[in-house]
Amino acid sequence: MSPKLRLARLNLAEKLLDLSEEFRGVYLPYPKELEKSLNAYARGIIDWRSIVEEVKTLMPGFARGWLWVEEPLIRSLRLLGKDVRCYGDSSLDLVSRSGKYLSLLFRARVSKRIDLEEWRQLFRGEKVPLDENYVTVASRSVEGARNIDTWGLPYPPTEDMDQPTIEKISALIEYVFNYILPSKNLDDAYLRWLEEKKGVRKTELRRLLELVEKEDL
């Protein structure tokens, strides 16, 4: 298990490389349309720029943020050289759900009202595939699987929405508007939230993030 954070994906990539002899493929929670290109990238047929351009085409409007998080994991596929399978929503569904997500967030923020059923429809549980020869990347525990948390720290409220409640949605709204929007990136928001709301200060992660941000310039 790994939250959708760049530092967490970097940690997960290192873990996969350490265990690469134990599996033959990996399931990723990405749009199915990316599967062909990711396999080509893993085999050295196409380069990183080709992946970037395809993501921009499939996810207009939020490709940069998505790539910020997922880049370490995707780049590790070249070193792993394993079969890649994608089990996430299609790009059209992903864009549509993102629009509904933003609409619900702003409506709840302005009106102070939460329609729990709408949130439950939005965060309907997706079927997570299991195969004993494959590693499945997910941000929540999966029934029937040997779940391994590669992060080891509290997950942000964005990852705790499989069964939405008023309390969870309220925490999510606070996280988005008080932490994500004023921050440089998702990891910066998370580290501030971790310290302020959970009382956990991770100086080494802050330093690592600063290094990553410099490399990204």
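Evaluate the following for Asp160: is it more than 23 Å from Glu118 (Cα to Cα), acidic (Asp, Glu) and touching a helix residue (DSSP H, G or I) at 6+ places or on another chain (Cβ under 9 Å)?
Taking the combined requirement at face value, the residue does not satisfy it.
Residues in segment 90-124 that are polar (S, T, N, Q) and open to solvent by 70 Å² or more (accessible area, probe 1.4 Å): how many? Talk me through it step by step, then tell me what you get.
Within segment 90-124, the first condition is being polar (S, T, N, Q), and the residues that meet it are 90-91, 96, 98, 103, 111, 121.
With the extra rule that they be open to solvent by 70 Å² or more (accessible area, probe 1.4 Å), the set shrinks to 121.
Residues in segment 90-124 being polar (S, T, N, Q) and open to solvent by 70 Å² or more (accessible area, probe 1.4 Å): 1 in total.
To keep it simple, each residue is scored yes or no on (1) surrounded by fewer than 18 Cβ atoms within 10 Å (Cβ to Cβ); (2) under 30 Å from Lys214 (Cβ atoms).
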| position | (1), (2) |
| --- | --- |
| Asp149 | yes, yes |
| Pro157 | no, yes |
| Pro164 | no, no |
| Glu167 | yes, no |
| Tyr175 | no, yes |
| Asn178 | yes, yes |
| Pro182 | yes, yes |
| Asp187 | no, yes |
| Tyr190 | no, yes |
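So which residues in segment 8-35 are touching a strand residue (DSSP E or B) at 6+ places or on another chain (Cβ under 9 Å) and closer than 22 Å to Val55 by Cβ, if there are any at all?
Leu16, Gly25, Val26, Tyr27, Leu28, Pro29, Tyr30, Pro31, Lys32, Glu33, Leu34, Glu35
Would you check which residues across segment 2-16 are open to solvent by 60 Å² or more (accessible area, probe 1.4 Å) and not in a loop (DSSP other than H, G, I, E, B) and list them?
Once the filter is applied, which keeps residues that are open to solvent by 60 Å² or more (accessible area, probe 1.4 Å) and not in a loop (DSSP other than H, G, I, E, B), segment 2-16 yields Glu14, Lys15.
Hey, any hits in segment 33-50 for a residue that's at pLDDT below 95 and either part of a helix (DSSP H, G or I) or in contact with a helix residue (DSSP H, G or I) (Cβ under 6 Å, 6 or more places away or on another chain) (or both)?
Within segment 33-50 (the criterion being at pLDDT below 95 and either part of a helix (DSSP H, G or I) or in contact with a helix residue (DSSP H, G or I) (Cβ under 6 Å, 6 or more places away or on another chain) (or both)), the answer is no, since none of the residues qualifies.
Within segment 127-165, restricting attention to residues that are in contact with a strand residue (DSSP E or B) (Cβ under 7 Å, 6 or more places away or on another chain) and part of a loop (DSSP other than H, G, I, E, B), which residue is farthest from Met1 (Cα to Cα)?
The residue in question is Asn133.
Provide a single number: the residues in segment 15-33 that are out of contact with any Cys (no Cβ under 9 Å at 6 or more places or on another chain), in contact (Cβ under 8 Å) with a residue 40 or more places away in the chain and not small (Gly, Ala, Ser).
Adding up the residues that qualify gives 7.
Can you pull out the residues in segment 137-157 that are closer than 16 Å to Lys197 by Cβ, in contact (Cβ under 8 Å) with a residue 40 or more places away in the chain and in contact with a helix residue (DSSP H, G or I) (Cβ under 8 Å, 6 or more places away or on another chain)?
Residues satisfying the conditions are Leu153, Pro154, Pro156.
When only residues in segment 34-89 that are among the polar types (S, T, N, Q) and in contact (Cβ under 8 Å) with a residue 24 or more places away in the chain count, which is surrounded by the most Cβ atoms within 10 Å (Cβ to Cβ)?
Per the criteria, the residue is Ser76.
The values are calculated or read from the model by the stated rules, or taken from the named source; none is laboratory data. Bear in mind the structure is a predicted one, so any value in this text is a computation, not a measurement. We place every Cβ from the backbone using ideal geometry, glycine too, and count neighbours over all the protein chains shown. We work out accessible area using only protein heavy atoms, side chains counted, and drop any ligands, DNA or RNA first. Shrake-Rupley method; radii C 1.70, N 1.55, O 1.52, S 1.80 Å.
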